Structure formats: C-alpha cells, structure tokens
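What follows is calculated from the coordinates using simple rules that are stated; it is not laboratory data. Note that this is a predicted model, so its numbers are computed, not measured. Neighbour counts run over all protein chains shown; Cβ positions are idealised from the backbone, glycine included.
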Amino acid sequence: MSPPCRRVAGAWISLRRRRNDYHAPRPVAWQIGRFARGALRLGSTPPCRRPALKPFLAALIATAAIAATPATAALPVGATAPDFATQASLAGKPFPFRLSQALKKGPVVLYFYPAAFTSGCTVEAHEFAEATDDFNRLGATVIGVSADKIETLNKFSVSECRNKFAVASATPKVIADYDVKLPVVAKSNRTSFVIAPDGKIIYAYSALSPAGHVSGTMNAVKAWEAAHPKR
C-alpha cells in the first residue's frame, strides 16, 4: 500500500476505533469532519498517485456518511409528498415516471436507498421483490429511488429487483425535497414512505438497516386499504 493510502486507512481505522470506544464518543458528524479534513491533506499527494486513491477515498467517505444517517424519518406523516418526474427502469427497460400519475392507481410505496448494488440495498431490493405481488394485490405501486444513473438502474432492476418493481433515478432536488440526503455525499439515506392517492404521506420510516422497511410499508398499505374499501 502506498504511503498516501496508508495515511487514509490509518485515519479511517482511528475513526472506527473512536466510534467503538466504550468511553463517551464524539458526535459522528465531528468524527466524519475529522476524517475528511485528514483526507483533504492528501492534496499534496503527487498527481501520479491521486487517481488510484480517489475510488478508495470516495468509498470510505460514503461509508462514513451512511453510518451517520439519523434514525428519524424525513418528511413527516401528514405532509404532502412533492411531485416529481424522472426516468425509471423496470425489467431493464427505462420509462418516464411521474409520482402524480402513479398515485392515480392507488397508494405508492416510495423507498429511497443510498446506492444500487451495495449490500444493504441489495438485500432491501430482494425483500421488496418478494413482496411486490402482495403490494400489487392491495392496489399499491412499489418504486425504489436512488441517485444512481439510469444505466445502473437498468441492470439493478433485473438482477436485484428481479423484474418485479421499478427503480428510479433521483435528482438532487428530489432528494432535497424529501429531506433524505446523506451528509457529505450526494446520495439519499434509507427512508421508506407510503403515499396515499391524495398525495399525503401516511407512513415514513428511516433506518440504516434494510430490516423493517418492507413490513412497515406493508402494514401501512393494509391499514389504508382496510379504511378505504372498494365499493
């Protein structure tokens, strides 16, 4: 490992040790800032060594940012879900998606996740894929949203979403409007919403772990369906 890489790895290990220390830890935001400041000192690294370092550094900062995600929902229950239009992919085929159009068919399960093909997001996609038929029977549409490019989502929608539900590309504005941005990186946290046909949020849940997102949204959809029986 080159000296610059050893310096970054050392800063990361130091940050992890501080977080795991049994003494009262520093705030996570402070720890990330300390790590980032140390990483920025690598600006003096010889240019020939910088390209190999960038992917490693980006991955470390993204991981630290996800670890700092608060376990609270973004937009609260009762708020109006911001409408948006973007490109989505289902079974590897891109198509235009607009939230207001999807809501005309029934409730929408809108779940934000940090990045396609990462471990937690892959597990979450598998779980939503297994539950998609049940959501559809209840009249609900499932749509995953991340900051990934549509080319990445074309692949993710096939291999991990298993052609069951669509995943859409979120612009920075969409992520900001739903208040789900991760610190440091331009990605969303892991937040699941259930939006009623009138555009009101009836369920919101944020947690780093993918566990609980499918069951929570399913229970919310069932509760809404029971309160709005079809005539």
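Assorted remarks:
- Region 88-112, residues that are within 21 Å of residue 159 (Cβ to Cβ), out of contact with any Lys or Arg (no Cβ under 9 Å at 6 or more places or on another chain) and surrounded by 13 or more Cβ atoms within 10 Å (Cβ to Cβ): 88, 94, 97, 109
- Residue 155 over 14 Å from residue 221 (Cα atoms), in contact (Cβ under 8 Å) with a residue 24 or more places away in the chain and part of a helix (DSSP H, G or I): yes
- Scanning region 117-152 for residues that are part of a strand (DSSP E or B) and under 13 Å from residue 90 (Cβ atoms) turns up 141, 142, 143, 144.
- Checking 197, 183 one by one, the residue that is in contact with a helix residue (DSSP H, G or I) (Cβ under 6 Å, 6 or more places away or on another chain), part of a loop (DSSP other than H, G, I, E, B) and farther than 16 Å from residue 139 by Cα is 183 and no other.
- Count of region 92-110 residues which are touching a Pro at 6+ places or on another chain (Cβ under 9 Å) and of a type in the set (A, V, I, L, M): 3
- Among residues of region 161-217, those that are surrounded by fewer than 20 Cβ atoms within 10 Å (Cβ to Cβ) and among the hydrophobic types (A, V, I, L, M, F, W, C), counted: 9
- Test: residue in region 109-116 that is in contact (Cβ under 8 Å) with a residue 12 or more places away in the chain, over 14 Å from the mean Cα position of the chain (by Cα) and closer than 20 Å to residue 89 by Cα: no
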